[in-house]
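Data first, discussion second: the structure below is written as C-alpha coordinates.
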Amino acid sequence: MLAVPLPYIATLILVMTAIVIILRRDQNWHKPFTFTVFCAVMTCIVGLRWTFDVAALRFIQTILAACLPVAAWYGFVEQPSRRGRLIWHLCGPAMVIACAFSPYLISFGVLDVLLATLSAGYGVCLLIHSLRLPQAVSFNRVSLFLLSERTAGSLLLYSALIDVLIAWDFSLASGEHARTIISASYLLLIPALVTTMIIASYQLPASKEQVSKKTKVTENGAESDVVESFKALMDAEALFTDPDLSLIRLARKLGVPSRSLSSAINAHYGQNISRVINEYRIEYAKKRLLSSDDTIMDILLSAGFYTKSNFNREFSRVVGQTPSAYRKGAVNEKQPIITG
(Lines give C-alpha, C1' and ligand atoms only; values in the text may rest on other atoms or scores of the structure.)
Protein backbone atom coordinates (compact mmCIF):
# COMPACT_ATOMS: atom_id res chain seq x y z
CA MET A 1 0.00 0.00 0.00
CA LEU A 2 1.25 3.48 -0.86
CA ALA A 3 2.40 5.37 2.23
CA VAL A 4 1.89 9.15 2.14
CA PRO A 5 4.26 11.14 4.42
CA LEU A 6 2.48 13.15 7.12
CA PRO A 7 3.65 16.58 5.82
CA TYR A 8 1.88 15.92 2.50
CA ILE A 9 -1.32 15.03 4.34
CA ALA A 10 -1.05 18.25 6.33
CA THR A 11 -0.46 20.17 3.08
CA LEU A 12 -3.58 18.70 1.51
CA ILE A 13 -5.67 19.62 4.57
CA LEU A 14 -4.29 23.17 4.56
CA VAL A 15 -4.95 23.63 0.83
CA MET A 16 -8.54 22.48 1.31
CA THR A 17 -8.87 24.90 4.24
CA ALA A 18 -7.54 27.77 2.12
CA ILE A 19 -10.05 26.96 -0.63
CA VAL A 20 -12.93 26.98 1.88
CA ILE A 21 -11.77 30.33 3.29
CA ILE A 22 -11.56 32.02 -0.11
CA LEU A 23 -14.91 30.58 -1.23
CA ARG A 24 -16.72 31.75 1.88
CA ARG A 25 -15.01 35.18 1.91
CA ASP A 26 -16.15 35.92 5.44
CA GLN A 27 -15.10 39.11 7.15
CA ASN A 28 -11.35 39.44 7.64
CA TRP A 29 -10.67 36.39 5.45
CA HIS A 30 -7.40 37.76 4.02
CA LYS A 31 -5.17 37.08 7.02
CA PRO A 32 -6.25 33.46 7.67
CA PHE A 33 -6.12 32.71 3.93
CA THR A 34 -2.60 34.13 3.53
CA PHE A 35 -1.37 32.38 6.67
CA THR A 36 -2.93 29.08 5.61
CA VAL A 37 -1.28 29.25 2.17
CA PHE A 38 2.05 30.08 3.84
CA CYS A 39 1.72 27.04 6.13
CA ALA A 40 0.68 24.81 3.21
CA VAL A 41 3.82 25.79 1.29
CA MET A 42 5.88 25.18 4.41
CA THR A 43 4.56 21.67 5.05
CA CYS A 44 4.96 20.80 1.36
CA ILE A 45 8.60 21.92 1.46
CA VAL A 46 9.14 19.79 4.57
CA GLY A 47 7.75 16.75 2.74
CA LEU A 48 9.89 17.39 -0.33
CA ARG A 49 12.93 18.01 1.85
CA TRP A 50 12.71 14.59 3.47
CA THR A 51 11.79 12.88 0.20
CA PHE A 52 14.54 14.27 -2.04
CA ASP A 53 17.01 15.91 0.39
CA VAL A 54 18.05 18.68 -2.02
CA ALA A 55 20.22 21.48 -0.64
CA ALA A 56 17.90 24.15 -2.04
CA LEU A 57 14.94 22.61 -0.23
CA ARG A 58 16.85 22.57 3.04
CA PHE A 59 17.60 26.26 2.60
CA ILE A 60 13.97 27.16 1.77
CA GLN A 61 12.70 25.11 4.71
CA THR A 62 15.03 26.99 7.06
CA ILE A 63 13.91 30.39 5.78
CA LEU A 64 10.21 29.49 6.04
CA ALA A 65 10.75 28.20 9.58
CA ALA A 66 12.35 31.54 10.47
CA CYS A 67 9.44 33.48 8.93
CA LEU A 68 6.73 31.44 10.69
CA PRO A 69 6.95 33.28 14.06
CA VAL A 70 6.91 36.66 12.28
CA ALA A 71 3.89 35.61 10.20
CA ALA A 72 2.08 34.47 13.35
CA TRP A 73 2.86 37.78 15.08
CA TYR A 74 1.45 39.86 12.25
CA GLY A 75 -1.49 37.50 11.91
CA PHE A 76 -2.56 37.80 15.53
CA VAL A 77 -1.25 41.17 16.65
CA GLU A 78 -0.25 43.77 14.11
CA GLN A 79 -0.56 44.98 10.58
CA PRO A 80 2.77 45.81 8.88
CA SER A 81 1.80 49.47 8.49
CA ARG A 82 4.99 50.94 9.91
CA ARG A 83 8.07 50.29 7.84
CA GLY A 84 10.38 50.68 10.83
CA ARG A 85 8.63 47.94 12.77
CA LEU A 86 8.61 45.63 9.76
CA ILE A 87 12.38 46.06 9.33
CA TRP A 88 12.93 45.05 12.95
CA HIS A 89 10.79 41.94 12.49
CA LEU A 90 12.78 40.98 9.39
CA CYS A 91 16.06 41.05 11.32
CA GLY A 92 15.51 37.51 12.66
CA PRO A 93 14.92 35.87 9.25
CA ALA A 94 17.83 37.91 7.83
CA MET A 95 20.15 36.53 10.50
CA VAL A 96 18.93 33.01 9.73
CA ILE A 97 19.68 33.53 6.01
CA ALA A 98 23.18 34.75 6.87
CA CYS A 99 23.82 31.72 9.09
CA ALA A 100 22.42 29.34 6.45
CA PHE A 101 25.20 30.40 4.08
CA SER A 102 27.89 29.60 6.65
CA PRO A 103 28.73 25.89 7.09
CA TYR A 104 30.90 26.90 10.04
CA LEU A 105 27.95 28.36 11.99
CA ILE A 106 25.71 25.47 11.00
CA SER A 107 28.22 22.93 12.27
CA PHE A 108 28.31 24.63 15.67
CA GLY A 109 24.53 24.62 15.95
CA VAL A 110 24.14 28.40 15.79
CA LEU A 111 21.36 28.09 13.23
CA ASP A 112 19.34 25.71 15.40
CA VAL A 113 19.73 27.97 18.42
CA LEU A 114 18.63 31.00 16.39
CA LEU A 115 15.51 29.26 15.06
CA ALA A 116 14.54 28.08 18.53
CA THR A 117 15.15 31.56 19.94
CA LEU A 118 12.93 33.18 17.30
CA SER A 119 10.05 30.81 18.00
CA ALA A 120 10.41 31.10 21.76
CA GLY A 121 10.81 34.89 21.62
CA TYR A 122 7.71 35.47 19.53
CA GLY A 123 5.79 32.92 21.59
CA VAL A 124 6.59 34.80 24.79
CA CYS A 125 5.76 38.13 23.12
CA LEU A 126 2.35 36.81 22.03
CA LEU A 127 1.62 35.59 25.56
CA ILE A 128 2.63 38.96 27.02
CA HIS A 129 0.61 40.86 24.41
CA SER A 130 -2.46 38.76 25.25
CA LEU A 131 -2.47 40.40 28.69
CA ARG A 132 -3.58 43.63 27.01
CA LEU A 133 -7.18 44.27 26.00
CA PRO A 134 -7.47 44.24 22.17
CA GLN A 135 -8.80 47.58 20.96
CA ALA A 136 -10.72 46.57 17.84
CA VAL A 137 -12.41 43.44 19.23
CA SER A 138 -15.90 43.79 20.69
CA PHE A 139 -16.10 43.22 24.43
CA ASN A 140 -18.30 40.17 23.83
CA ARG A 141 -15.53 38.47 21.86
CA VAL A 142 -12.46 39.50 23.83
CA SER A 143 -12.09 36.26 25.81
CA LEU A 144 -12.08 34.01 22.72
CA PHE A 145 -9.70 36.30 20.85
CA LEU A 146 -7.25 36.35 23.76
CA LEU A 147 -7.51 32.57 24.11
CA SER A 148 -6.57 32.21 20.43
CA GLU A 149 -3.63 34.56 20.87
CA ARG A 150 -2.37 32.69 23.92
CA THR A 151 -2.76 29.38 22.11
CA ALA A 152 -0.67 30.72 19.23
CA GLY A 153 2.01 31.84 21.67
CA SER A 154 2.04 28.42 23.30
CA LEU A 155 2.31 26.73 19.91
CA LEU A 156 5.35 28.84 19.04
CA LEU A 157 6.95 27.77 22.32
CA TYR A 158 6.15 24.19 21.30
CA SER A 159 7.87 24.87 17.97
CA ALA A 160 10.96 26.06 19.84
CA LEU A 161 10.96 22.83 21.83
CA ILE A 162 10.79 20.83 18.60
CA ASP A 163 13.79 22.75 17.21
CA VAL A 164 15.73 21.91 20.36
CA LEU A 165 14.79 18.21 20.11
CA ILE A 166 15.88 18.08 16.47
CA ALA A 167 19.22 19.74 17.26
CA TRP A 168 19.70 17.31 20.14
CA ASP A 169 18.91 14.35 17.88
CA PHE A 170 21.48 15.50 15.30
CA SER A 171 24.14 15.93 17.98
CA LEU A 172 23.54 12.55 19.62
CA ALA A 173 22.15 10.28 16.88
CA SER A 174 23.16 12.05 13.64
CA GLY A 175 19.54 13.00 12.95
CA GLU A 176 18.24 9.43 13.04
CA HIS A 177 14.88 10.47 14.51
CA ALA A 178 14.66 13.95 13.00
CA ARG A 179 12.28 12.95 10.22
CA THR A 180 9.81 11.41 12.66
CA ILE A 181 10.02 14.38 15.00
CA ILE A 182 9.40 16.92 12.24
CA SER A 183 6.57 14.97 10.61
CA ALA A 184 4.71 14.39 13.88
CA SER A 185 5.24 17.90 15.20
CA TYR A 186 4.16 19.63 12.00
CA LEU A 187 1.00 17.53 11.85
CA LEU A 188 0.00 19.16 15.16
CA LEU A 189 1.68 22.57 15.02
CA ILE A 190 0.64 23.91 11.62
CA PRO A 191 -3.08 22.96 11.63
CA ALA A 192 -3.38 24.19 15.22
CA LEU A 193 -1.82 27.55 14.31
CA VAL A 194 -4.12 27.93 11.32
CA THR A 195 -7.15 27.07 13.44
CA THR A 196 -6.29 29.68 16.06
CA MET A 197 -5.71 32.23 13.29
CA ILE A 198 -9.17 31.58 11.81
CA ILE A 199 -10.84 31.77 15.22
CA ALA A 200 -9.08 35.04 16.02
CA SER A 201 -9.98 36.60 12.66
CA TYR A 202 -13.68 35.94 13.20
CA GLN A 203 -13.57 37.97 16.42
CA LEU A 204 -12.52 41.13 14.56
CA PRO A 205 -15.01 43.66 13.18
CA ALA A 206 -15.90 43.59 9.49
CA SER A 207 -14.21 46.92 8.80
CA LYS A 208 -10.94 48.06 10.27
CA GLU A 209 -11.38 50.86 12.76
CA GLN A 210 -8.67 53.37 13.41
CA VAL A 211 -8.24 55.56 16.43
CA SER A 212 -9.34 59.08 15.62
CA LYS A 213 -6.54 61.61 15.56
CA LYS A 214 -8.92 64.34 16.76
CA THR A 215 -9.40 63.95 20.47
CA LYS A 216 -11.05 66.14 23.06
CA VAL A 217 -8.83 64.90 25.86
CA THR A 218 -5.13 64.21 25.58
CA GLU A 219 -3.35 61.27 27.16
CA ASN A 220 -2.27 63.61 29.96
CA GLY A 221 -5.90 64.45 30.75
CA ALA A 222 -7.23 63.77 34.24
CA GLU A 223 -8.42 60.20 34.71
CA SER A 224 -11.40 61.42 36.70
CA ASP A 225 -12.61 63.49 33.74
CA VAL A 226 -12.39 60.47 31.47
CA VAL A 227 -14.30 58.30 33.95
CA GLU A 228 -17.02 60.93 34.43
CA SER A 229 -17.43 61.28 30.65
CA PHE A 230 -17.64 57.51 30.39
CA LYS A 231 -20.35 57.29 33.07
CA ALA A 232 -22.35 60.12 31.51
CA LEU A 233 -22.23 58.46 28.11
CA MET A 234 -23.33 55.11 29.51
CA ASP A 235 -26.26 56.73 31.33
CA ALA A 236 -27.32 58.95 28.44
CA GLU A 237 -26.95 56.63 25.43
CA ALA A 238 -26.70 53.10 26.93
CA LEU A 239 -23.91 52.22 24.52
CA PHE A 240 -23.36 48.98 26.43
CA THR A 241 -26.40 47.52 24.63
CA ASP A 242 -24.38 47.51 21.39
CA PRO A 243 -23.10 43.90 21.08
CA ASP A 244 -20.23 45.03 18.81
CA LEU A 245 -18.99 47.74 21.17
CA SER A 246 -15.19 47.73 21.34
CA LEU A 247 -12.52 49.81 23.07
CA ILE A 248 -11.77 51.74 19.88
CA ARG A 249 -15.43 52.52 19.17
CA LEU A 250 -16.02 53.64 22.74
CA ALA A 251 -12.87 55.79 22.77
CA ARG A 252 -13.86 57.46 19.51
CA LYS A 253 -17.32 58.19 20.92
CA LEU A 254 -15.78 59.81 23.99
CA GLY A 255 -13.10 61.58 21.95
CA VAL A 256 -10.20 60.23 24.02
CA PRO A 257 -7.26 57.95 23.20
CA SER A 258 -8.16 54.31 23.78
CA ARG A 259 -5.11 53.81 26.00
CA SER A 260 -6.19 56.69 28.25
CA LEU A 261 -9.72 55.31 28.50
CA SER A 262 -8.52 51.80 29.34
CA SER A 263 -6.05 52.96 32.02
CA ALA A 264 -8.61 55.35 33.57
CA ILE A 265 -11.25 52.61 33.85
CA ASN A 266 -8.72 50.15 35.28
CA ALA A 267 -7.60 52.69 37.89
CA HIS A 268 -11.12 53.73 38.90
CA TYR A 269 -12.94 50.38 38.91
CA GLY A 270 -10.02 48.06 39.64
CA GLN A 271 -10.89 45.85 36.67
CA ASN A 272 -10.70 46.01 32.88
CA ILE A 273 -13.22 47.86 30.77
CA SER A 274 -14.68 44.65 29.34
CA ARG A 275 -15.92 43.60 32.78
CA VAL A 276 -17.19 47.10 33.53
CA ILE A 277 -19.26 47.12 30.34
CA ASN A 278 -20.66 43.70 31.20
CA GLU A 279 -21.68 44.97 34.63
CA TYR A 280 -23.66 47.77 32.97
CA ARG A 281 -25.32 45.13 30.82
CA ILE A 282 -26.12 42.99 33.86
CA GLU A 283 -27.73 45.95 35.67
CA TYR A 284 -29.83 46.62 32.59
CA ALA A 285 -30.81 42.93 32.40
CA LYS A 286 -31.75 42.87 36.10
CA LYS A 287 -34.23 45.70 35.57
CA ARG A 288 -35.73 43.97 32.55
CA LEU A 289 -36.03 40.68 34.45
CA LEU A 290 -38.05 42.41 37.17
CA SER A 291 -40.12 44.79 35.06
CA SER A 292 -41.07 42.61 32.08
CA ASP A 293 -42.22 39.14 31.11
CA ASP A 294 -39.76 38.93 28.20
CA THR A 295 -37.80 35.72 27.79
CA ILE A 296 -34.28 35.56 29.13
CA MET A 297 -32.99 35.20 25.57
CA ASP A 298 -34.72 38.41 24.49
CA ILE A 299 -33.37 40.23 27.53
CA LEU A 300 -29.78 39.11 27.08
CA LEU A 301 -29.81 40.13 23.43
CA SER A 302 -31.26 43.55 24.24
CA ALA A 303 -28.62 43.98 26.95
CA GLY A 304 -25.81 43.53 24.42
CA PHE A 305 -24.77 39.92 24.93
CA TYR A 306 -24.27 37.45 22.10
CA THR A 307 -24.73 34.09 23.78
CA LYS A 308 -26.70 32.72 26.71
CA SER A 309 -23.63 31.00 28.14
CA ASN A 310 -21.70 34.27 28.34
CA PHE A 311 -24.71 36.06 29.83
CA ASN A 312 -25.24 33.37 32.49
CA ARG A 313 -21.56 33.36 33.39
CA GLU A 314 -21.34 37.16 33.76
CA PHE A 315 -24.70 37.35 35.57
CA SER A 316 -23.57 34.74 38.10
CA ARG A 317 -20.26 36.58 38.56
CA VAL A 318 -21.94 39.91 39.29
CA VAL A 319 -25.17 38.87 41.03
CA GLY A 320 -24.18 35.55 42.55
CA GLN A 321 -27.02 33.57 41.00
CA THR A 322 -28.43 32.67 37.61
CA PRO A 323 -30.86 35.02 35.78
CA SER A 324 -33.75 32.55 36.16
CA ALA A 325 -33.08 32.16 39.89
CA TYR A 326 -32.89 35.94 40.27
CA ARG A 327 -36.23 36.46 38.54
CA LYS A 328 -37.87 33.60 40.45
CA GLY A 329 -36.62 34.93 43.77
CA ALA A 330 -37.92 38.41 43.03
CA VAL A 331 -41.33 37.03 42.11
CA ASN A 332 -41.52 34.99 45.32
CA GLU A 333 -40.69 38.06 47.41
CA LYS A 334 -43.60 39.96 45.84
CA GLN A 335 -46.14 37.23 46.61
CA PRO A 336 -48.24 38.01 49.70
CA ILE A 337 -48.00 35.75 52.69
CA ILE A 338 -51.39 34.08 53.36
CA THR A 339 -52.06 33.11 56.94
CA GLY A 340 -54.76 30.74 57.94
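The values are calculated or read from the model by the stated rules, or taken from the named source; none is laboratory data. For clarity, every value in this text was computed on a predicted model and none was experimentally measured. So basically every Cβ, Gly included, is an ideal-geometry build from the backbone, and we count neighbours across all protein chains shown. Heavy atoms of the whole protein, side chains included, go into the accessibility calculation; ligands, DNA and RNA do not. Shrake-Rupley method; radii C 1.70, N 1.55, O 1.52, S 1.80 Å.
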Taking first residues from the stretch 136-154 that are of a type in the set (Lys, Arg) and second residues anywhere that are open to solvent by 30 Å² or more (accessible area, probe 1.4 Å), the pairs with Cβ under 7 Å that are 6 or more apart or on different chains are Arg150/Leu127
Item to check | Flag for Leu131 being outside any helix (DSSP H, G or I) and either over 17 Å from the mean Cα position of the chain (by Cα) or modelled with pLDDT of 85 or more (or both) | outcome: yes
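Yes or no, residue by residue, for (1) open to solvent by less than 60 Å² (accessible area, probe 1.4 Å); (2) out of contact with any Ser or Thr (no Cβ under 7 Å at 6 or more places or on another chain):
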| position | (1), (2) |
| --- | --- |
| Ala98 | no, yes |
| Val124 | no, yes |
| Val137 | yes, no |
| Tyr158 | no, yes |
| Ile162 | yes, no |
| Asp169 | yes, yes |
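In the stretch 276-288, what residues are under 17 Å from Val226 (Cβ atoms) and either free of Cβ contacts under 8 Å to residues at least 24 places away in the same chain or surrounded by 20 or more Cβ atoms within 10 Å (Cβ to Cβ) (or both)?
Taking the stretch 276-288 as the starting set, the residues that turn out to be under 17 Å from Val226 (Cβ atoms) are 276-277, 280.
The answer is Val276, Ile277.
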Residue pairs qualifying under the 8 Å Cβ cut-off, at least six apart or on distinct chains, with the first in the stretch 94-110 being in a loop (DSSP other than H, G, I, E, B) and the second being open to solvent by 30 Å² or more (accessible area, probe 1.4 Å) and at pLDDT below 75, are Gly109/Ser171
Picking from Thr17, Thr34, Thr43, the residue that is at pLDDT 80 or above, hydroxyl-bearing (Ser, Thr, Tyr), surrounded by fewer than 17 Cβ atoms within 10 Å (Cβ to Cβ) and closer than 30 Å to Val137 by Cβ would be Thr34
Checked the stretch 289-302 for anything open to solvent by less than 60 Å² (accessible area, probe 1.4 Å) and within 14 Å of Thr241 (Cα to Cα); matches are Ile299, Leu300, Ser302
Check: without any contact (Cβ under 8 Å) to a residue 40 or more places away in the chain, touching a helix residue (DSSP H, G or I) at 6+ places or on another chain (Cβ under 8 Å) and not in a helix (DSSP H, G or I), is that true of Asp294?
Finding: yes
Scanning for something surrounded by fewer than 20 Cβ atoms within 10 Å (Cβ to Cβ), more than 24 Å from Gly329 (Cα to Cα), in contact with a strand residue (DSSP E or B) (Cβ under 6 Å, 6 or more places away or on another chain) and charged (D, E, K, R), does the stretch 238-247 turn up at least one residue?
yes
Residues that are farther than 23 Å from Arg313 by Cβ, in a helix (DSSP H, G or I) and not charged (D, E, K, R): does the stretch 239-253 have at least one? yes
Only one of Arg24, Arg58 is closer than 29 Å to Val137 by Cβ and open to solvent by 40 Å² or more (accessible area, probe 1.4 Å), namely Arg24
(request) For the stretch 322-331, state whether one or more residues are open to solvent by 50 Å² or more (accessible area, probe 1.4 Å), assigned to a loop (DSSP other than H, G, I, E, B), at pLDDT below 90 and over 21 Å from Ser143 (Cα atoms). (result) no
Conditions (1) open to solvent by 20 Å² or more (accessible area, probe 1.4 Å); (2) free of Cβ contacts under 8 Å to residues at least 60 places away in the same chain; (3) not in a helix (DSSP H, G or I) -> Val256 fails only (1)
Of the listed residues (Phe305, Phe315), the one being crowded, with 19+ Cβ neighbours inside 10 Å, among the hydrophobic types (A, V, I, L, M, F, W, C) and not in a loop (DSSP other than H, G, I, E, B) is Phe315
